[in-house]
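Report on one structure; see the data block that follows.
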Amino acid sequence: MILYTPVPMETIFQGTTPDVPAMSIVSFKGRTVMAYNRGDGRYELTRLLTTEPKDYLDPELQPGREIFPD
């Protein structure tokens with residue numbers, strides 16, 4: 001739904017809280033990543049935190065992948 005209004009978003013959605021899972025910074029295969037904790041030790045990788053360009057081409061470090069941190 002798109003609302004075209006000059007009223008601020010905070011006023012329209014006042015009293016509602018977004019249901020966003022907590023994101024954690026964890027280590028996976030020696031790399032630092034940000035991931036959502038799904039519970040039972042599983043995480044969903046959302047962001048790779050590295051300055052090494054080669055790491056971004058690694059299919060095991062792609063966003064959306066289910067990981068088990070070190």
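The values are calculated or read from the model by the stated rules, or taken from the named source; none is laboratory data. Computed from a predicted structure; not experimentally measured. Here the Cβ is made from the backbone with ideal geometry for all residues, glycine too, and neighbour counts use every protein chain on show. Keep in mind that these areas ignore ligands, DNA and RNA; they rest on the heavy atoms of the full protein, side chains included. Shrake-Rupley method; radii C 1.70, N 1.55, O 1.52, S 1.80 Å.
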- Query: So which residues in the range 1-43 are of a type in the set (Lys, Arg) and touching a strand residue (DSSP E or B) at 6+ places or on another chain (Cβ under 8 Å), if there are any at all?
  - Reply: Arg31, Arg38, Arg42
- Task: Just give me the residues in the range 19-47 being at pLDDT below 90, open to solvent by 40 Å² or more (accessible area, probe 1.4 Å) and in a strand (DSSP E or B), in sequence order.
- Result: Met23, Asn37, Arg38, Arg42
- Task: Mind listing whichever residues of the range 43-58 are of a type in the set (Val, Ile, Thr) and within 11 Å of Arg31 (Cα to Cα)?
- Result: Thr50, Thr51
- Query: Which numbered condition trips up Phe68, out of (1) open to solvent by 80 Å² or more (accessible area, probe 1.4 Å); (2) without any contact (Cβ under 8 Å) to a residue 24 or more places away in the chain?
  - Reply: (2)
- Query: Limited to the range 57-70, what total is found for residues that are modelled with pLDDT of 90 or more and assigned to a loop (DSSP other than H, G, I, E, B)?
  - Reply: 5
- Has the range 48-56 got any residue that is under 12 Å from Phe68 (Cα atoms), in a strand (DSSP E or B) and not acidic (Asp, Glu)? no
- Task: With respect to Leu3, determine if the residue is under 14 Å from the mean Cα position of the chain (by Cα) and open to solvent by less than 100 Å² (accessible area, probe 1.4 Å).
- Result: no
